[in-house]
Amino acid sequence: MKRSIIILLLFISTFSFAQSENAIVIGHSKEIQSKVLNEKRKINIYLPEGYNPNDTTQYPVIYIIDGGVEEDFFHITGIIRFNTQPWINRFPKSIVVGIENTDRRRDCSFAVENLDFLKKMGFKKEQLPSYGGSANYIKFIATELQPYIDGNYKTNHHKTVIGESFAGLLATEILLKHRDLFDTYVIMSPSLWWGNELLLKEAPALLAAKNKTKVNVYIGACNKDENIIMHEDAVALRDLLKKYGGAETTVFYDYLPDEVHATMMHQSVYNAFKMIYPKTAYQK
């Protein structure tokens, strides 16, 4: 008899629990038909707690280049949500936009005359069947994606971009050639070796022409023993920005010796926000 009662109670408990289950939703996905790229692009969007389309509050927007659900959308959004909780309040609550990749290396790399430089980095030409599409991708961001977000969500003029590796190469190109698209750049272990460091060679002239908009730039570099070229390129970018970026460019450099290329992003993004916004609500 006692055993039957226990089984009955367990059944009732399990049924009650099942009835009270709710999905945990962190965001929603949209598809944009891009005329520039001639394809549909999926974007993942997180709206901060308390977001109300009917009030007057406007929010900064943080764009993640590798922003797919199988990429960096979830864990980066978690860092942003943590830092904007009332008991932290390191920076204002923000909308997060993650861009799903379709052909990452194509979209994040600029056009080059040949791929002979790949050999020194350990790549084969066959590994890049398509490349050199960054100009179109930047145009997509500037003329389609950002206007779509600004037109459909309550945004203010503050925009951040986050990119690592090839996405860091793209973020660097945007900084140097289209600086005013964002006011905060989080660049980690950028693939500046692309095109035999062409962006670094062009940086002084590009910075001289486009150093009017005030920007914050975080540069993260992982353990230099893993890839000395990528480490030296990150250091070179830091030095060029400090030398030619002018008073309107604030540079934050972060060396993470305990992280490798594959593991650095989460810690690096956390560090970036801590360096750019050093005080929480209880330290201000």
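Placing +1 on the Cβ of every Lys and Arg and -1 on the Cβ of every Asp and Glu, with no other charges, gives the stretch 172-257 a dipole of roughly 380 debye about its Cα centre. Taking the helices alone, the chain has a mean residue ellipticity at 222 nm of -11000 deg cm²/dmol, built from -39,500 (n - 2.57) per DSSP H run of at least 4 residues and averaged over all its residues. Spatial offset of the stretch 97-137 relative to the stretch 33-93 amounts to 26 Å, using the alpha carbon center of each. Site-free segments of the chain were taken between GluC sites (Glu not before Pro) in DSSP loops having at most 16 other Cβ atoms within 10 Å, sites themselves excluded; the longest one is 114-225. Taking Gln267, Gln85, Gln127 in turn, the Gaussian network model of the chain (Cα-Cα springs below 10 Å) assigns the largest fluctuation to Gln127.
Ordering Asn22, Ala221, Gln146 by Cα displacement along the dipole of the chain toward the positive end leaves Asn22 in first place; charges were set at the Cβ atoms of Lys, Arg (+1) and Asp, Glu (-1). Magnitude of the charge dipole for the stretch 66-177, about its Cα centre and with charges confined to Cβ atoms of Lys, Arg (+1) and Asp, Glu (-1), is about 300 debye.
Counting lysine pairs in the stretch 136-232 that sit 8 or more residues apart in sequence, or on different chains, and whose Cα atoms lie under 22 Å apart gives 16.
Using a 1.4 Å probe on the protein heavy atoms, what percent of the accessible area of the chain belongs to carbon and sulfur? List each step's numbers first, then the result.
Details: 7860 of 14510 Å².
Here it works out to 54 percent.
For Phe74, the solvent-accessible surface computed with a 1.4 Å probe is close to 100 Å², ligands and nucleic acids excluded. Based on protein heavy atoms only, the chain ends up with 51 Å² per residue of surface accessible to a 1.4 Å probe.
Ranking Trp194, Trp87 by solvent-accessible area of protein heavy atoms (1.4 Å probe, all protein chains present), from largest to smallest, gives Trp87, Trp194.
Restricting the stretch 100-190 to trypsin sites (Lys or Arg not before Pro) that sit in a DSSP loop and have at most 15 other Cβ atoms within 10 Å of their own Cβ leaves Lys124. Which one of Ile95, Phe117, Thr84 has its Cα pushed farthest toward the positive end of the charge dipole of the stretch 84-125, where Lys and Arg give +1 and Asp and Glu give -1 at the Cβ? The Cα lying farthest towards the positive end belongs to Phe117.
Can you give the Kirkwood hydrodynamic radius for the chain, in Å, rounded to one decimal and based on Cα pairs? Before the final figure, lay out the partial values.
On the way: mean 1/r = 0.0488 Å⁻¹.
Taking every pair of different Cα atoms in the chain, averaging 1/r and inverting gives 20.5 Å.
The values are calculated or read from the model by the stated rules, or taken from the named source; none is laboratory data. Because the structure is a prediction, the values reported are computed rather than measured. For neighbour counting, all protein chains shown are included, and Cβ atoms are generated from backbone atoms with ideal geometry for every residue, glycine included. The area values use the complete protein model at the heavy-atom level, side chains included, leaving out ligands, DNA and RNA. Shrake-Rupley method; radii C 1.70, N 1.55, O 1.52, S 1.80 Å.
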